[in-house]
Amino acid sequence: MVMKAKDYRAQLEPVWCTGCGDYGVLKGLTQAFADLELRPENLGVISGIGCSSRLAGYTRSYSFNSIHGRALPIATGLKLARPELTVVVVGGDGDGFSIGLGHIPHAIRRNVKITYAVLDNGLYGLTKGQASPTTEQDFKRDRGLAGVEERPLNPLLLVLSSGCGFVARSHAGNLPHLRQMFREAMKYPGFAFVHVLAGCVTYQTPSYAEEIYRRCDLLPETYDASNFAHAVEAARGERFALGVLYRRPEGEAPAVLPAALAGEGGVWPPTPEAADLPPGDAG
Ligand code: SF4
């Protein structure tokens, strides 16, 4: 029987706000399941806690809307116990890059075949719009509880520097592209990371998703995804590069992030003030 995207939807109806970017991600993911002709009984969709983490329960799969920030170890255990399953982890930027951050480099270095999709809307939606690790400093909010002083974390540099063998980015408003990125990620024989830019229509300005989309560029067709240096360059760009930034060639060891990045726009760059402090005082 030929499966369609709707065949991977659970009976539960999403409770996301109308216009939330997470609807697009659910659509793109279920389309990719259908493209790969996966059987629902061979699928595990694991999530943490947050608006986007509700997605697991909306799929027809072995789904588990688990514990805040702990989806990766749960998914790793599932994949090791049931290697025949296709295992996908979904969660938000708060769930993944704040409370769950400690699990990401370890999941990457174990390189168990899991697809990890972070639906990044730059805030905590479920708890009413607080700043997350990816909130931009010039973020204009209509509503919300907290401002942001810190520079945002760069998710792609984070996973590249941890040795991730497959790194892609897409946008919740570009369904064909999103579907393709999920397909590619699930076919990759190790840990695959997909950064999905997704708008929150309730705690950002109504035009935020369009603003972000205008800052996106598709990687050119001539782009060489096996080149780690190019991936780092694309990840550091001020505009959002969409596509497969990096796919490590089979048999190649993880590359190392150039040390020069530590002082200029790396994953956790020091603030100019901290850089002036004598050694030992920088915290
Ligand atoms: Fe989506 Fe934001 Fe509504 Fe959460 S609060 S469901 S992220 S639009």
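The values are calculated or read from the model by the stated rules, or taken from the named source; none is laboratory data. On a predicted model such as this, the values are computed, not experimentally measured, just so you know. FYI the Cβ positions are ideal-geometry reconstructions off the backbone, even for glycines, and counts take in every protein chain you see.
Check whether at least one residue in the range 168-190 is under 12 Å from the mean Cα position of the chain (by Cα), hydroxyl-bearing (Ser, Thr, Tyr) and under 17 Å from Tyr23 (Cβ atoms), and report yes or no.
yes
Quick one: in the range 241-272, which of the residues that are modelled with pLDDT of 90 or more and outside any strand (DSSP E or B) is surrounded by the most Cβ atoms within 10 Å (Cβ to Cβ)? Write out each step before concluding.
Quick first cut of the range 241-272, residues modelled with pLDDT of 90 or more only: 241-249.
Restricting the remaining residues to those that are outside any strand (DSSP E or B) gives 248-249.
Numbers: Arg248: 21, Pro249: 10.
In this case the residue turns out to be Arg248.
Kindly establish whether Gly129 is within 13 Å of the ligand (Cβ to nearest atom), more than 18 Å from Arg70 (Cα to Cα) and modelled with pLDDT under 90. Break it down stepwise before answering.
Numbers: within 13 Å of the ligand (Cβ to nearest atom): yes; more than 18 Å from Arg70 (Cα to Cα): yes; modelled with pLDDT under 90: yes.
Against the criterion (within 13 Å of the ligand (Cβ to nearest atom), more than 18 Å from Arg70 (Cα to Cα) and modelled with pLDDT under 90), Gly129 qualifies.
Out of the helices (runs of 4 or more DSSP H) lying entirely within the range 137-232, which hold 3 or more residues that are of a type in the set (D, E, K, R) and under 23 Å from Gly28 (Cα atoms)?
Working: elements: 155-161, 175-187, 208-214.
Once the helices (runs of 4 or more DSSP H) in the range 137-232 are filtered for at least 3 residues that are of a type in the set (D, E, K, R) and under 23 Å from Gly28 (Cα atoms), what remains is 175-187, 208-214.
Pairs only if they're at least six apart or on different chains, beta carbon under 6 angstrom, first in the range 98-117 and closer than 18 Å to Val45 by Cβ, second of a type in the set (A, V, I, L, M, F, W, C) and surrounded by fewer than 16 Cβ atoms within 10 Å (Cβ to Cβ); list them, first residue then second.
none
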